[in-house]
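Each remark here refers to the structure printed beneath this line.
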Amino acid sequence: MRDKLTRFLGRMFYSRRVPSSIIFYGKEGIGKRDIAFELSKALLCIEEKYPSCGRCESCVHMMSFDKRKDEELRFYGEDKRGKSVYLYMRGDHPDFVYLAPERSEIKIDQIRGVRDFIYLSPALSKRKVVLIEPADSMNPYAQNALLKVLEEPPQDTHFLLVSNNLQRILPTVRSRSFVIEVPPLTKEELKKLTKIEDPVILELAEGSVKMAKRLKEDRELINTAELILEGKVLDLYKKALEVEKWEQERQYYLLRLLQSIYHRKFIETENYRYRQYLDIVTFGLEYLNKGIRISLLLFQLIGGDEHVLHKSKISGYQ
Ligand SMILES: [Zn+2]
């Protein structure tokens, strides 16, 4: 599946019809950024190759971008009052910027900063590229500012937007962009990339490299999900209090795991209870960093059905 996308992008590249704005969307951790970054390198490559030549001056600068620390790449500008504000990341390549959130949001000042960049002529390559990730972290003001740019796109500048959540991108921005769905990695692709052999992990990761690696490092996540799925009141109660003390990132991965399991179970059984559980977990994911108590959320998942929720049913293995 991934090969098909690469071939498609290659054809688009060589026909010289790369749109001025592309949104790459799909599940988290499946390598969307890598695909967008490779296309960025190709668009800037002096040899004009896709995949990029990897040797020209442009490619060398782009490769160093990936190796440097975020702090070294951070680029600051001035706001209206002359205060220094973080705008985007930039390395040694004069024609490439990488727009990422400051804390959790991409703000309008950042889009304004990018505007100053895009109206300059390219300095090294024939084009310029702005990579925005995650694009759904642009707040509505930022998205509207971007929309103004996309309505009259500067010549030879490409905007590559990467997103896990297409719904959070304004329809007006979506309609100005070429939208490409990046398929999850197949189990074989995932196995090859991560060198993980465990069939349970490969199944539960649902094509996400990030998730697969996380599950391998932290097997307790799978054990906890199993215990929650069994739904025994007392066990669940104890576990939920334990999870409450976990780091937020770990809680996040647990909810992601539960989300994919409930989703699958709902599709398999059409039992409405899974739909309700799915909604609870999805709500939890949305509000996790806004101060909800995860233990209270997990208590709501009580009432497992032993027959359907037997351990071995989680993934069909074991
Ligand atoms: Zn090159």
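FYI, it's all coordinate maths here, none of it is from the lab. All values reported here derive from a predicted model rather than from experimental measurement. In this analysis, Cβ positions are derived from the backbone assuming ideal geometry, glycine residues included, and neighbour counts consider all displayed protein chains.
Please go through the residue pairs LYS195/LYS238; LYS4/LYS126; LYS192/LYS245; LYS41/LYS107 and name each one whose alpha carbons sit more than 32 Å apart in this structure.
LYS195/LYS238; LYS192/LYS245
Provide Rg over Rh for the chain; use the alpha carbon set for both Rg and the Kirkwood Rh (inverse mean inverse pair distance).
1.02
With a cut-off of 8 Å between alpha carbons and a minimum separation of six or more residues, what is the relative contact order of the chain in percent?
17
Using a Gaussian network model of the chain whose springs link C-alpha atoms within less than 10 Å, name the residue from VAL18, VAL129, VAL97 with the highest mean-square fluctuation.
VAL18
Percent antiparallel among DSSP beta bridges with both residues in the chain, to the nearest 5?
25
If I require 20 Å or longer along the helix axis, counting alpha carbons, and a Kyte-Doolittle average no lower than -1.0, what helices from the chain are left? Use full DSSP H segments.
248-269, 272-287
What shape does the stretch 159-260 take by its C-alpha gyration tensor, where a ≥ b ≥ c are the square roots of the eigenvalues and a/c under 1.5 counts as rounded, a/b above b/c as prolate, and the rest as oblate?
Since a/c reaches 1.5 but b/c is at least a/b, the shape of the stretch 159-260 is classed as oblate.
Using the Cα centre of the chain as origin and beta-carbon charges of +1 (Lys, Arg) and -1 (Asp, Glu), tell me which of TYR98, TYR237, LEU297 is placed farthest towards the positive end of the dipole.
The residue sitting farthest along the positive end of the dipole is TYR98.
Which of ARG127, ARG33, ARG264 moves the most in a Gaussian network model of the chain with Cα springs under 10 Å?
In the Gaussian network model the winner is ARG264.
Given an 8 Å cut-off on Cα distances and at least 6 residues of separation, report the relative contact order of the stretch 218-313 as a percent.
It rounds to 43 percent for the stretch 218-313.
Given charges of +1 on the Cβ of Lys and Arg and -1 on the Cβ of Asp and Glu, with all other atoms neutral, how large is the dipole of the chain about its Cα centre, in debye to the nearest 20?
480
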